[in-house]
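Please read the structure below before turning to the comments.
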Amino acid sequence: ELKEIVFIIQSQSNSFHSKRAEDLKRDILKQAADLGKELPTVLLIHEMDGHEGAWTILPLMRDFSVTYGRNSSWIFFCEEDTRIQVVKLLETLGRFDGSKEWFLGKALHDEESTIIHHYAFAENPTVFKFPDFAAGWALSIPLVNKLAKKLKSEPLKSDFTIDLKHEIALYIWQKGEGPHLTPVPEFCTDDVNSYKVDHCATTFSNFLPLCGEPVEKEDVFVAVKTCRKFHGDRIPVVKQTWEREAALIEYYSDYADISIPTIDLGVPNTDRGHCGKTFAILERFLNHSSPRTPWLVIVDDDTLISIFRLRKLLSCYDPNEPVFLGERYGYGLGTGGYSYITGGGGMVFSRIAVQKLLASKCRCYSTDAPDDMVLGMCFSGLGIPITHSPLFHQARPMDYPKGYLSHQIPVSFHKHWNIDPVKVYFTWLAPSTEESLNGKKVGYNREDL
(Lines give C-alpha, C1' and ligand atoms only; values in the text may rest on other atoms or scores of the structure.)
Protein backbone atom coordinates (compact mmCIF):
# COMPACT_ATOMS: atom_id res chain seq x y z
CA GLU A 1 0.00 0.00 0.00
CA LEU A 2 1.19 3.51 -0.81
CA LYS A 3 0.47 4.67 2.76
CA GLU A 4 3.17 2.18 3.92
CA ILE A 5 5.89 4.14 2.09
CA VAL A 6 7.49 7.10 3.85
CA PHE A 7 9.09 9.49 1.33
CA ILE A 8 12.10 11.48 2.52
CA ILE A 9 13.23 14.33 0.23
CA GLN A 10 16.84 15.48 0.67
CA SER A 11 15.78 19.14 0.84
CA GLN A 12 17.58 22.34 1.85
CA SER A 13 16.36 25.51 3.53
CA ASN A 14 17.65 27.90 0.86
CA SER A 15 14.58 29.39 -0.88
CA PHE A 16 15.41 27.98 -4.34
CA HIS A 17 15.94 24.45 -3.03
CA SER A 18 13.02 24.39 -0.58
CA LYS A 19 10.66 25.39 -3.40
CA ARG A 20 12.00 22.54 -5.57
CA ALA A 21 11.45 20.07 -2.74
CA GLU A 22 7.92 21.39 -2.07
CA ASP A 23 7.10 20.96 -5.78
CA LEU A 24 8.22 17.32 -5.63
CA LYS A 25 6.21 16.73 -2.45
CA ARG A 26 3.09 18.17 -4.11
CA ASP A 27 3.65 15.98 -7.16
CA ILE A 28 3.92 12.78 -5.07
CA LEU A 29 0.76 13.63 -3.10
CA LYS A 30 -1.14 14.55 -6.30
CA GLN A 31 -0.21 11.23 -7.92
CA ALA A 32 -1.41 9.43 -4.78
CA ALA A 33 -4.69 11.38 -4.75
CA ASP A 34 -5.26 10.70 -8.48
CA LEU A 35 -4.89 6.98 -7.75
CA GLY A 36 -7.54 7.25 -5.05
CA LYS A 37 -4.99 5.97 -2.55
CA GLU A 38 -4.55 6.94 1.09
CA LEU A 39 -1.86 9.60 1.07
CA PRO A 40 1.68 8.59 2.04
CA THR A 41 3.90 10.54 4.43
CA VAL A 42 6.29 12.90 2.59
CA LEU A 43 8.97 14.60 4.71
CA LEU A 44 11.53 17.27 3.90
CA ILE A 45 14.93 16.73 5.52
CA HIS A 46 15.53 20.43 6.20
CA GLU A 47 12.32 20.68 8.25
CA MET A 48 13.30 17.90 10.65
CA ASP A 49 13.83 19.06 14.24
CA GLY A 50 16.69 21.45 13.48
CA HIS A 51 19.27 18.65 13.70
CA GLU A 52 22.36 19.90 11.83
CA GLY A 53 23.20 16.32 10.88
CA ALA A 54 19.76 15.48 9.47
CA TRP A 55 21.11 15.55 5.90
CA THR A 56 23.44 12.66 6.80
CA ILE A 57 20.31 10.53 7.44
CA LEU A 58 21.79 7.99 9.87
CA PRO A 59 21.16 10.21 12.93
CA LEU A 60 17.45 10.11 12.01
CA MET A 61 17.14 6.30 12.00
CA ARG A 62 15.97 6.08 15.61
CA ASP A 63 13.21 8.65 14.95
CA PHE A 64 12.17 6.75 11.83
CA SER A 65 12.06 3.49 13.76
CA VAL A 66 9.98 4.91 16.61
CA THR A 67 7.56 6.84 14.38
CA TYR A 68 7.15 4.50 11.41
CA GLY A 69 8.43 1.14 12.65
CA ARG A 70 4.96 -0.37 13.17
CA ASN A 71 2.75 0.91 10.34
CA SER A 72 5.17 1.32 7.41
CA SER A 73 7.05 -1.04 5.11
CA TRP A 74 9.58 1.18 3.33
CA ILE A 75 11.44 4.44 3.69
CA PHE A 76 12.21 5.84 0.26
CA PHE A 77 14.84 8.58 -0.04
CA CYS A 78 15.23 10.91 -3.02
CA GLU A 79 16.69 14.23 -4.09
CA GLU A 80 14.69 17.35 -4.95
CA ASP A 81 15.25 16.72 -8.70
CA THR A 82 14.32 13.01 -8.60
CA ARG A 83 11.09 12.40 -10.50
CA ILE A 84 8.90 9.56 -9.25
CA GLN A 85 6.29 7.48 -11.07
CA VAL A 86 4.32 6.44 -8.00
CA VAL A 87 2.52 3.50 -9.65
CA LYS A 88 5.79 2.02 -10.95
CA LEU A 89 7.49 2.60 -7.60
CA LEU A 90 4.70 0.66 -5.86
CA GLU A 91 5.08 -2.18 -8.37
CA THR A 92 8.87 -2.19 -7.97
CA LEU A 93 8.86 -2.27 -4.15
CA GLY A 94 6.11 -4.90 -4.31
CA ARG A 95 8.62 -7.35 -5.80
CA PHE A 96 10.55 -7.39 -2.51
CA ASP A 97 9.44 -8.99 0.74
CA GLY A 98 9.11 -6.00 3.08
CA SER A 99 9.46 -8.24 6.16
CA LYS A 100 13.15 -8.81 5.28
CA GLU A 101 16.12 -6.46 5.42
CA TRP A 102 16.50 -4.70 2.08
CA PHE A 103 18.79 -1.92 0.90
CA LEU A 104 17.72 -0.99 -2.65
CA GLY A 105 19.11 1.50 -5.15
CA LYS A 106 20.85 2.21 -8.42
CA ALA A 107 24.35 0.82 -7.91
CA LEU A 108 27.50 2.89 -8.34
CA HIS A 109 31.05 1.69 -7.82
CA ASP A 110 34.51 3.21 -7.91
CA GLU A 111 36.63 2.55 -10.98
CA GLU A 112 39.79 2.94 -8.89
CA SER A 113 40.43 3.51 -5.21
CA THR A 114 39.97 7.16 -4.36
CA ILE A 115 40.86 9.66 -1.66
CA ILE A 116 37.20 10.70 -1.21
CA HIS A 117 36.48 7.14 -0.02
CA HIS A 118 39.70 6.87 2.02
CA TYR A 119 41.05 4.43 -0.60
CA ALA A 120 38.52 1.81 0.49
CA PHE A 121 38.59 -1.57 -1.27
CA ALA A 122 41.96 -0.70 -2.81
CA GLU A 123 42.47 -4.26 -4.09
CA ASN A 124 39.32 -4.08 -6.23
CA PRO A 125 37.15 -0.97 -5.77
CA THR A 126 34.49 -2.27 -8.20
CA VAL A 127 33.29 -4.90 -5.69
CA PHE A 128 31.60 -2.43 -3.32
CA LYS A 129 28.31 -0.96 -4.53
CA PHE A 130 26.66 2.18 -3.15
CA PRO A 131 23.47 3.99 -4.23
CA ASP A 132 23.14 6.92 -6.60
CA PHE A 133 20.90 9.17 -4.50
CA ALA A 134 19.62 10.93 -7.64
CA ALA A 135 17.76 7.73 -8.63
CA GLY A 136 16.23 7.32 -5.18
CA TRP A 137 17.01 4.50 -2.75
CA ALA A 138 15.01 2.52 -0.22
CA LEU A 139 15.36 0.78 3.14
CA SER A 140 12.86 -1.79 4.39
CA ILE A 141 11.52 -1.08 7.88
CA PRO A 142 13.18 -4.20 9.42
CA LEU A 143 16.54 -2.79 8.29
CA VAL A 144 15.66 0.69 9.64
CA ASN A 145 14.80 -0.91 13.00
CA LYS A 146 18.08 -2.83 13.01
CA LEU A 147 20.11 0.30 12.23
CA ALA A 148 18.25 2.26 14.94
CA LYS A 149 19.06 -0.43 17.48
CA LYS A 150 22.73 -0.45 16.50
CA LEU A 151 22.92 3.35 16.69
CA LYS A 152 21.46 3.23 20.19
CA SER A 153 24.26 0.97 21.44
CA GLU A 154 27.03 2.38 19.23
CA PRO A 155 26.58 6.12 18.58
CA LEU A 156 28.04 7.50 15.35
CA LYS A 157 31.64 8.59 15.61
CA SER A 158 32.25 12.35 15.44
CA ASP A 159 34.33 12.45 12.29
CA PHE A 160 34.02 13.62 8.72
CA THR A 161 31.14 13.18 6.30
CA ILE A 162 32.66 13.45 2.83
CA ASP A 163 30.66 11.26 0.44
CA LEU A 164 27.41 10.40 2.15
CA LYS A 165 26.15 7.73 -0.27
CA HIS A 166 29.34 5.70 0.13
CA GLU A 167 29.48 6.16 3.89
CA ILE A 168 25.84 5.08 4.39
CA ALA A 169 26.42 1.97 2.27
CA LEU A 170 29.53 1.14 4.33
CA TYR A 171 27.60 1.57 7.59
CA ILE A 172 24.76 -0.68 6.41
CA TRP A 173 27.21 -3.27 5.05
CA GLN A 174 28.78 -3.65 8.54
CA LYS A 175 32.07 -5.14 7.26
CA GLY A 176 30.17 -7.77 5.33
CA GLU A 177 27.72 -8.75 8.07
CA GLY A 178 24.89 -6.45 6.94
CA PRO A 179 23.00 -6.36 3.65
CA HIS A 180 24.71 -5.35 0.42
CA LEU A 181 23.03 -2.86 -1.88
CA THR A 182 20.57 -4.67 -4.16
CA PRO A 183 20.60 -3.00 -7.61
CA VAL A 184 17.12 -2.11 -8.89
CA PRO A 185 16.92 -1.44 -12.66
CA GLU A 186 13.72 0.59 -12.23
CA PHE A 187 15.64 3.22 -10.22
CA CYS A 188 17.01 5.36 -13.07
CA THR A 189 18.89 8.60 -13.66
CA ASP A 190 17.94 8.99 -17.31
CA ASP A 191 16.19 12.22 -18.17
CA VAL A 192 12.41 12.05 -17.97
CA ASN A 193 12.17 12.71 -21.73
CA SER A 194 14.57 9.91 -22.70
CA TYR A 195 13.31 6.96 -24.75
CA LYS A 196 14.97 4.69 -22.16
CA VAL A 197 12.66 5.51 -19.27
CA ASP A 198 9.56 3.43 -20.05
CA HIS A 199 10.47 0.85 -17.39
CA CYS A 200 11.67 3.41 -14.82
CA ALA A 201 10.02 4.11 -11.46
CA THR A 202 12.33 7.11 -11.03
CA THR A 203 14.07 9.50 -13.41
CA PHE A 204 16.34 12.48 -12.82
CA SER A 205 16.25 16.01 -14.16
CA ASN A 206 19.62 16.00 -15.89
CA PHE A 207 20.38 19.69 -16.36
CA LEU A 208 22.17 22.72 -15.01
CA PRO A 209 19.56 24.86 -13.23
CA LEU A 210 18.83 28.11 -15.02
CA CYS A 211 16.26 30.50 -13.53
CA GLY A 212 16.25 33.33 -16.04
CA GLU A 213 19.27 34.99 -17.63
CA PRO A 214 22.70 33.94 -16.30
CA VAL A 215 24.08 36.54 -13.87
CA GLU A 216 26.33 39.11 -15.53
CA LYS A 217 30.07 38.45 -15.75
CA GLU A 218 30.64 41.62 -13.70
CA ASP A 219 28.42 40.24 -10.91
CA VAL A 220 30.94 37.55 -10.01
CA PHE A 221 34.25 38.45 -8.35
CA VAL A 222 36.77 35.58 -8.47
CA ALA A 223 39.55 35.30 -5.88
CA VAL A 224 42.34 32.77 -6.56
CA LYS A 225 44.43 31.67 -3.58
CA THR A 226 48.02 30.93 -4.55
CA CYS A 227 51.56 31.20 -3.21
CA ARG A 228 54.99 31.88 -4.71
CA LYS A 229 55.97 28.24 -5.15
CA PHE A 230 52.97 27.58 -7.43
CA HIS A 231 53.18 30.73 -9.57
CA GLY A 232 55.16 28.87 -12.25
CA ASP A 233 53.10 25.70 -12.67
CA ARG A 234 49.51 26.28 -11.47
CA ILE A 235 48.77 29.86 -12.54
CA PRO A 236 49.59 29.21 -16.23
CA VAL A 237 46.91 26.47 -16.19
CA VAL A 238 44.32 28.96 -14.92
CA LYS A 239 45.33 31.44 -17.63
CA GLN A 240 45.16 28.74 -20.32
CA THR A 241 41.72 27.54 -19.27
CA TRP A 242 39.06 29.44 -17.33
CA GLU A 243 40.57 32.88 -16.57
CA ARG A 244 39.04 34.30 -19.79
CA GLU A 245 35.56 33.51 -18.43
CA ALA A 246 36.03 35.83 -15.45
CA ALA A 247 35.52 39.59 -15.82
CA LEU A 248 36.71 40.31 -12.26
CA ILE A 249 39.60 38.15 -11.04
CA GLU A 250 42.48 38.68 -8.62
CA TYR A 251 45.28 36.35 -7.54
CA TYR A 252 46.24 36.48 -3.86
CA SER A 253 49.68 35.30 -2.81
CA ASP A 254 52.46 35.71 -0.27
CA TYR A 255 54.49 37.49 -2.96
CA ALA A 256 53.59 40.33 -5.34
CA ASP A 257 54.47 39.19 -8.86
CA ILE A 258 53.55 41.85 -11.45
CA SER A 259 53.79 39.39 -14.35
CA ILE A 260 50.64 37.54 -13.18
CA PRO A 261 49.80 39.93 -11.35
CA THR A 262 49.47 38.67 -7.77
CA ILE A 263 48.54 40.71 -4.72
CA ASP A 264 50.43 40.15 -1.47
CA LEU A 265 47.85 40.32 1.31
CA GLY A 266 50.55 40.50 3.97
CA VAL A 267 49.61 37.04 5.26
CA PRO A 268 52.53 34.59 5.24
CA ASN A 269 51.94 31.34 3.36
CA THR A 270 51.09 28.31 5.48
CA ASP A 271 51.52 24.69 4.43
CA ARG A 272 47.88 24.00 5.21
CA GLY A 273 44.77 25.70 6.50
CA HIS A 274 45.05 29.17 4.87
CA CYS A 275 42.42 30.61 7.20
CA GLY A 276 44.27 33.92 7.62
CA LYS A 277 44.54 34.37 3.87
CA THR A 278 40.88 33.54 3.25
CA PHE A 279 39.61 36.02 5.84
CA ALA A 280 41.91 38.69 4.36
CA ILE A 281 40.28 38.00 0.96
CA LEU A 282 36.80 38.36 2.50
CA GLU A 283 37.78 41.71 4.07
CA ARG A 284 39.24 42.92 0.77
CA PHE A 285 36.10 41.91 -1.16
CA LEU A 286 33.91 43.86 1.24
CA ASN A 287 36.11 46.94 1.39
CA HIS A 288 37.68 47.20 -2.08
CA SER A 289 35.32 45.68 -4.64
CA SER A 290 32.26 47.45 -6.00
CA PRO A 291 29.33 47.20 -3.57
CA ARG A 292 27.26 46.38 -6.65
CA THR A 293 29.12 43.06 -7.11
CA PRO A 294 26.81 40.54 -5.40
CA TRP A 295 28.88 37.33 -5.64
CA LEU A 296 32.35 36.26 -4.47
CA VAL A 297 33.97 32.97 -5.49
CA ILE A 298 37.12 31.79 -3.72
CA VAL A 299 39.08 29.01 -5.45
CA ASP A 300 42.47 27.35 -5.08
CA ASP A 301 45.10 27.77 -7.78
CA ASP A 302 44.53 24.10 -8.73
CA THR A 303 40.72 24.41 -8.97
CA LEU A 304 39.30 23.94 -12.46
CA ILE A 305 35.99 25.80 -12.73
CA SER A 306 33.43 26.87 -15.31
CA ILE A 307 32.53 30.48 -14.50
CA PHE A 308 30.20 30.30 -17.52
CA ARG A 309 28.14 27.53 -15.85
CA LEU A 310 28.40 29.10 -12.42
CA ARG A 311 26.75 32.26 -13.78
CA LYS A 312 23.82 30.11 -14.97
CA LEU A 313 23.59 28.36 -11.61
CA LEU A 314 23.68 31.64 -9.67
CA SER A 315 20.59 32.85 -11.57
CA CYS A 316 18.65 30.52 -9.22
CA TYR A 317 19.88 32.14 -6.00
CA ASP A 318 18.75 35.38 -4.40
CA PRO A 319 21.83 37.58 -3.73
CA ASN A 320 19.80 39.34 -1.02
CA GLU A 321 19.88 36.11 1.01
CA PRO A 322 23.03 35.07 2.89
CA VAL A 323 24.17 32.30 0.52
CA PHE A 324 27.22 30.09 1.14
CA LEU A 325 27.31 27.61 -1.74
CA GLY A 326 29.51 24.70 -2.89
CA GLU A 327 30.13 21.04 -2.10
CA ARG A 328 28.98 20.26 1.45
CA TYR A 329 31.04 18.20 3.87
CA GLY A 330 30.29 17.60 7.53
CA TYR A 331 32.25 17.36 10.75
CA GLY A 332 31.02 15.60 13.89
CA LEU A 333 27.42 15.53 12.69
CA GLY A 334 26.54 12.47 14.76
CA THR A 335 26.97 14.59 17.88
CA GLY A 336 25.90 18.08 16.80
CA GLY A 337 28.87 19.34 14.79
CA TYR A 338 28.56 21.51 11.69
CA SER A 339 28.49 21.42 7.89
CA TYR A 340 30.98 23.29 5.73
CA ILE A 341 31.74 23.98 2.07
CA THR A 342 34.92 22.18 1.09
CA GLY A 343 37.34 24.72 -0.36
CA GLY A 344 38.95 22.96 -3.30
CA GLY A 345 35.76 22.76 -5.35
CA GLY A 346 35.20 26.50 -4.90
CA MET A 347 33.31 28.47 -2.24
CA VAL A 348 30.61 30.91 -3.38
CA PHE A 349 29.39 33.73 -1.11
CA SER A 350 26.68 36.33 -1.55
CA ARG A 351 27.91 39.76 -0.43
CA ILE A 352 25.38 39.79 2.39
CA ALA A 353 26.76 36.48 3.69
CA VAL A 354 30.25 38.03 3.82
CA GLN A 355 28.86 41.13 5.58
CA LYS A 356 27.11 39.05 8.22
CA LEU A 357 30.18 36.88 8.75
CA LEU A 358 32.61 39.75 9.22
CA ALA A 359 30.17 41.70 11.40
CA SER A 360 29.99 38.68 13.72
CA LYS A 361 33.66 38.84 14.76
CA CYS A 362 33.95 35.07 14.21
CA ARG A 363 37.54 34.60 13.05
CA CYS A 364 40.35 32.06 12.62
CA TYR A 365 41.70 30.52 15.80
CA SER A 366 45.09 30.40 14.01
CA THR A 367 46.43 31.61 10.64
CA ASP A 368 46.82 28.02 9.41
CA ALA A 369 43.44 26.77 10.67
CA PRO A 370 41.42 25.01 7.94
CA ASP A 371 39.61 27.95 6.34
CA ASP A 372 36.64 25.96 5.01
CA MET A 373 35.95 24.35 8.39
CA VAL A 374 36.26 27.66 10.29
CA LEU A 375 33.82 29.24 7.83
CA GLY A 376 31.44 26.33 8.41
CA MET A 377 31.65 26.83 12.18
CA CYS A 378 31.10 30.58 11.84
CA PHE A 379 28.06 30.31 9.56
CA SER A 380 26.63 27.54 11.71
CA GLY A 381 26.91 29.82 14.76
CA LEU A 382 25.14 32.57 12.82
CA GLY A 383 22.31 30.23 11.83
CA ILE A 384 23.18 30.66 8.13
CA PRO A 385 22.77 27.29 6.40
CA ILE A 386 25.26 25.74 4.02
CA THR A 387 23.81 25.34 0.51
CA HIS A 388 25.01 22.18 -1.19
CA SER A 389 25.42 21.67 -4.92
CA PRO A 390 26.70 18.30 -6.21
CA LEU A 391 28.06 20.11 -9.28
CA PHE A 392 31.13 21.33 -7.32
CA HIS A 393 33.83 18.67 -6.84
CA GLN A 394 36.68 18.56 -4.34
CA ALA A 395 38.52 15.92 -6.38
CA ARG A 396 39.34 14.95 -10.00
CA PRO A 397 36.87 13.40 -12.48
CA MET A 398 38.41 9.94 -12.11
CA ASP A 399 37.72 10.06 -8.36
CA TYR A 400 33.96 9.76 -9.02
CA PRO A 401 32.00 6.85 -10.55
CA LYS A 402 31.30 7.32 -14.25
CA GLY A 403 27.62 6.59 -13.65
CA TYR A 404 27.45 9.45 -11.14
CA LEU A 405 29.05 12.04 -13.44
CA SER A 406 27.00 10.88 -16.43
CA HIS A 407 23.92 12.80 -15.22
CA GLN A 408 25.81 15.94 -14.21
CA ILE A 409 26.84 19.16 -15.89
CA PRO A 410 29.74 19.89 -13.50
CA VAL A 411 30.82 23.34 -12.35
CA SER A 412 34.23 22.45 -10.89
CA PHE A 413 36.91 19.85 -10.22
CA HIS A 414 40.04 20.13 -8.10
CA LYS A 415 43.68 19.00 -8.09
CA HIS A 416 46.25 18.58 -10.85
CA TRP A 417 47.66 15.34 -9.44
CA ASN A 418 48.38 12.71 -12.14
CA ILE A 419 46.18 14.42 -14.74
CA ASP A 420 46.54 16.88 -17.58
CA PRO A 421 44.49 19.72 -16.05
CA VAL A 422 44.10 21.59 -19.37
CA LYS A 423 42.70 18.45 -20.98
CA VAL A 424 40.35 17.89 -18.02
CA TYR A 425 39.08 21.47 -18.30
CA PHE A 426 38.38 21.27 -22.03
CA THR A 427 36.76 17.85 -21.68
CA TRP A 428 34.50 18.55 -18.71
CA LEU A 429 34.09 22.28 -18.14
CA ALA A 430 34.73 24.47 -21.19
CA PRO A 431 31.71 26.27 -22.66
CA SER A 432 31.21 24.60 -26.04
CA THR A 433 31.27 27.90 -27.93
CA GLU A 434 34.66 28.71 -26.43
CA GLU A 435 36.14 25.23 -26.72
CA SER A 436 39.19 26.32 -28.61
CA LEU A 437 42.81 26.49 -27.68
CA ASN A 438 45.18 28.52 -29.88
CA GLY A 439 42.39 28.78 -32.44
CA LYS A 440 41.94 25.03 -32.76
CA LYS A 441 38.79 23.17 -31.80
CA VAL A 442 39.45 20.88 -28.86
CA GLY A 443 37.41 17.74 -28.39
CA TYR A 444 38.32 15.06 -25.89
CA ASN A 445 36.44 11.92 -25.02
CA ARG A 446 35.53 11.77 -21.33
CA GLU A 447 36.17 8.02 -21.40
CA ASP A 448 39.86 8.73 -22.11
CA LEU A 449 40.13 10.46 -18.75
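Odds and ends about this structure:
- With all protein chains modelled, accessible area of ASP49 [1.4 Å, Å²]: 100
- Treating each Cα of region 172-218 as one equal point scatterer and applying the Debye formula with no solvent, the log10 of I(q)/I(0) at q = 0.24 Å⁻¹ comes out as -0.85.
- For the chain, the relative contact order comes to 15 percent (Cα pairs under 8 Å, sequence separation of at least 6).
- In the full protein context, region 82-176 carries 46 Å² of accessible surface per residue, based on a 1.4 Å probe and ignoring ligands, DNA and RNA.
- Local electrostatic count, PRO236, Cβ distance below 11 Å [Lys/Arg +1, Asp/Glu -1]: -1
- Take MET373: with every protein chain present and a 1.4 Å probe, its accessible area is about 30 Å².
- Estimated FRET transfer efficiency when R0 is 30 angstrom, pair LYS150-TYR119 (beta carbons, to 0.05): 0.75
- Apportionment of accessible area to carbon and sulfur, region 42-178, percent (1.4 Å): 51
- If R0 equals 45 Å, the separation of the Cβ atoms of HIS288 and LYS175 corresponds to a calculated FRET efficiency of about 0.25.
- If the segment from ASN71 to GLU38 were pulled out straight at 0.36 nm per residue, it would be longer than the present Cα-Cα gap by 10.6 nm.
- Subtracting the Cα-Cα distance of ILE419 and LEU29 from their residue separation scaled by 0.36 nm leaves 135.7 nm.
- Local charge for ALA353 was computed over the other residues whose Cβ lies under 12 Å away, with Lys and Arg +1 and Asp and Glu -1, and equals 0.
- For q = 0.15, 0.17, 0.18 Å⁻¹, Debye-computed log10 I/I(0) when each Cα of region 5-98 counts as one equal scatterer: -0.61, -0.78, -0.87
- Each Lys or Arg adds one and each Asp or Glu subtracts one; over the other residues with Cβ under 14 Å from the Cβ of SER65, this totals +4.
- Stokes-Einstein diffusion of region 215-306 at 10 °C, 1.306 mPa s viscosity, Kirkwood radius from Cα pairs, rounded to a whole number: 118 µm²/s.
- Contour excess over end-to-end distance, with Cα ends at ASP49 and LEU382 and 0.36 nm allotted per residue: 118.1 nm
- Working note: Cα atoms of region 278-410, range along each principal axis, descending, whole Å: 43, 39, 26.
- Restraint check, LYS30/LYS146; LYS106/LYS196; LYS106/LYS175; LYS277/LYS415, Cα-Cα greater than 23 Å: LYS30/LYS146
The values are calculated or read from the model by the stated rules, or taken from the named source; none is laboratory data. Computed from a predicted model, the values in this text were never measured in an experiment. Note that we place each Cβ from the backbone using ideal geometry, even for glycine, and neighbour counts take in every protein chain shown. Side chains are part of the model used for accessible areas, which takes the heavy atoms of the whole protein and leaves out ligands, DNA and RNA. Shrake-Rupley method; radii C 1.70, N 1.55, O 1.52, S 1.80 Å.
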